[in-house]
Amino acid sequence: MGLQTSLATVNAAWQHFVDTGYVDESVVRPEVVQSWWRCRNMGIDSRAPKLPVMLDSRRLANVREENRSLIETAQWFMDFLKVAVQGTGFILVLTERNGVVLDVFGDSDILTMARSNNYVPGCSRAEEVAGTNAISLSLIEKRPMQLTGAEHWNVRHHQWTCAAAPVFSPDGELLGAVTLSGETTRAHRHTLGMVISAAEAIRQRLQEREISKEKRSIDIQLSSLLGSISEAVIIVDAAGRVTNINTVACESLRVVPRDVQGKPIAELFPAHPELGNLFERKDSATLEVSVERPGGHGLFVITPYKMLADGAVTGAVLALRERREFLKEVRGFSGLNAVFVFDDIVGESSALLRQIELARTAAQQNTRVLILGETGTGKELFAQSIHNGSPRRNGPFVALNCAAIPRDLMESEIFGYCSGAFTGARKGGQVGKLELADGGTIFLDEINQMPLELQSKLLRALQEGTITRLGDTKPISIDVRVIAAANEDLYNKSRTGEFRQDLYYRLSVVELTLPALRERGDDIPLLSQHLLRKLGQKIGKPALSLAHDTIEQLRQYPWPGNVRELENVLEMGAIMAEGSVIEPRHIAYRMRKPEPQAEAPRPAAATSPLPVDLRSMRDIEIELIRSAIEEFNGNVDLVGRKLGLSRATVYRRMQQYGIVKQVVVANTGRDASTSSQAHQEIFARKA
């Protein structure tokens, strides 16, 4: 009874307004009254017959295409509501922003009633066409509206009750409306609530579609970006699951994207469960991993870069590099390069030139080289020149002085170690020198100082071409050329058991013996000028030269420290010189002069024709050795220390110059027969 009274009251108000232009606003809602006024002012006939269909099929198809996203998004909800209102006498209508009907659903009886008013797809429910109605009013007011009976402007619509709710895009743009329409007698307060819920659900689904679309766009852009990167890259989410992997990474791991996307990163590397705690590691902290893949074992280095949003970890970008490529970068930063070439070796003596020629030949072959020579003769200069003259010139050159490393640390320095291999081991482990030299050359200087137990491990590495880090069980393949150097006679040391004989033969495929500076008398002026040019730039005296007497003094000196000692003497002379000419007095106190000795009879070998300067050097050396033997009562170790020579070299010089008998005489305070016997045994072993 109340509904009928209300309908009659509104109907009377509508009739009065149509007839007189006046309305009782206490009876009719303001937004409806305002719409009536607009319709009256536009001259819309309130008693117009059936409204024409506004759009033909072609134009309707175009409008539907323009609103495809709205139609597709609303489809699920429209289907749901269609089922919900089935048998209720309501139709469900979807319109676009201008009031054009896109879709109509409902029972056949109510659809027939709708068609009689041309309430079908393609018709317009815009206010300027259909007058006041729920669809147009909700689009104008941009809020849900429900109109019943005579609230509609056109009398043909008074038999309808319509509830409409506008649909907005995620960013607030008006897209259209969802409407439920039925006979006036079936009006229900829940009808408006249903269309409001549907409109909001459509907006949320549109937002989800927009987010999904943006995500797809981002994924496409990301895939394109990852595809253009030359490095292998894997992206994981906050749970450590793979979301993206580029082509380079797939090729490196021998996988296809669909097999790894969505899986935990730890499944890609089963031997490394620590990847499950990836986000607990420091950003950019490298992690070495291995993986079994088709074609063989793979070794990689992973560098994670965490992705953050509002301070929370959302995932990580993992840069994946093969270990060999990673080590190349490390070498580049570490300066593991050889700088010297054969042209940097200064000298014209035949002994030196023979060694240079042999070294040039050896450089072209991928063979091991052993360089023997006293301290300061230029062993590393030769080693670098061999590397730069070889096919490995673009690879690393790693130098290691075995005498400069504590015995306990030498193995880890050469072979590397894993994390936790020993107390004090660096977290994450450390790459050894042999690994760093992979693809290039390692120079093991003073290899005679390497402990015997480590020599056996080095021998095995050379034989098998693999190494195993301390604390690890997995072998690592390496491709390294070894150049070794010693300042002692390794052959004799191998004969006496002080150096592994099998390692000696493995290293000495090509053996170079560098002449001492005292054996290169004619090279001293040339070397001196070369060194002075560098010293002049260093101390700001570019025109340094040597006086004639200084040159002669340098020629007469035995140079136990060889070229290194010559460089030091010249530097001090350059500093002490008042001008640019270095006089003998400027270097005298840096050159150890032998004590004056009665000239000993020259051995027969000395009568052979030799250049004058070489014979004088020989005499000086004999005097130095004899003097030192007498000074230290025949103690060869002390003799070697004073002269800067190894024990084996002292014995070799004693035998060469026939000083063995003087040793016996010099040992008058000791058991001469024992000393003589010991020396004779040494010479027998050398022979």
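The values are calculated or read from the model by the stated rules, or taken from the named source; none is laboratory data. Because the structure is predicted, anything quoted here is derived from the model rather than measured. Heads up, the Cβs are rebuilt from the backbone with ideal geometry, glycines too, and the neighbour counts pull from every protein chain shown. Note: accessible area is taken over every heavy atom of the protein model, side chains too, but ligands, DNA and RNA are not part of it. Shrake-Rupley method; radii C 1.70, N 1.55, O 1.52, S 1.80 Å.
Structural remarks
- The range 621-639-the range 379-408 distance, computed between alpha-carbon centres (Å): 35
- Label sites at GLN204 and VAL339, each approximated as a point 7 angstrom past Cα along Cα to Cβ, lie 7.0 nm apart.
- Taking VAL398, VAL27 and ordering them by how much accessible surface each has at a 1.4 Å probe, largest first, produces VAL27, VAL398.
- Apportionment of accessible area to carbon and sulfur, the range 524-579, percent (1.4 Å): 56
- Candidates per trypsin sites (Lys or Arg not before Pro) in the range 116-163, loop by DSSP, up to 13 other Cβ within 10 Å: LYS142
- Net charge dipole, the range 354-413: roughly 340 debye, given to the nearest 20, about the Cα centre with Cβ charges of +1 for Lys and Arg and -1 for Asp and Glu.
- When the charge dipole of the range 1-144 is built from unit charges on Cβ atoms (+1 for Lys and Arg, -1 for Asp and Glu) and taken about the Cα centre, the candidate among PRO121, ASN133, VAL93 whose Cα reaches farthest toward its positive end is PRO121.
- Carbon/sulfur fraction of accessible area - the range 85-183, other protein chains in place, 1.4 Å, %: 47
- Leading residue at positive end of dipole, the range 1-111 (Cβ point charges), from VAL33, TRP76, PRO49: PRO49
- Cα centroid separation, the range 479-499 to the range 440-467 (Å): 10
- Per-residue SASA entry for TYR557, accessible area with 1.4 Å probe, Å² rounded to 10: 10
- Fraction of accessible area attributable to carbon and sulfur, the range 340-465 (%, probe 1.4 Å): 46
- Gain in span if fully extended, HIS16 to GLU357, counting 0.36 nm per residue against the direct Cα distance: 110.5 nm
- Mean accessible surface per residue for the range 425-518, computed with a 1.4 Å probe while every protein chain stays in place, in Å²: 39
- Size of charge dipole - the range 355-482 - debye, nearest 20, with Cβ of Lys, Arg +1 and Asp, Glu -1, no other charges: 300
- Dipole-positive endmost among PRO515, GLN553, GLY536 within the range 507-563 (Cβ charges, Cα centre): GLY536
- Computed extension length for ARG143-ILE211: 22.0 nm, one decimal, from 0.36 nm per residue of separation with the Cα-Cα distance subtracted.
- For the range 39-152, the solvent-accessible area with a 1.4 angstrom probe is 45 square angstrom per residue.
- For the range 1-122, a simple Cβ point-charge model (Lys and Arg +1, Asp and Glu -1, everything else neutral) yields a dipole of about 240 debye relative to the Cα centre.
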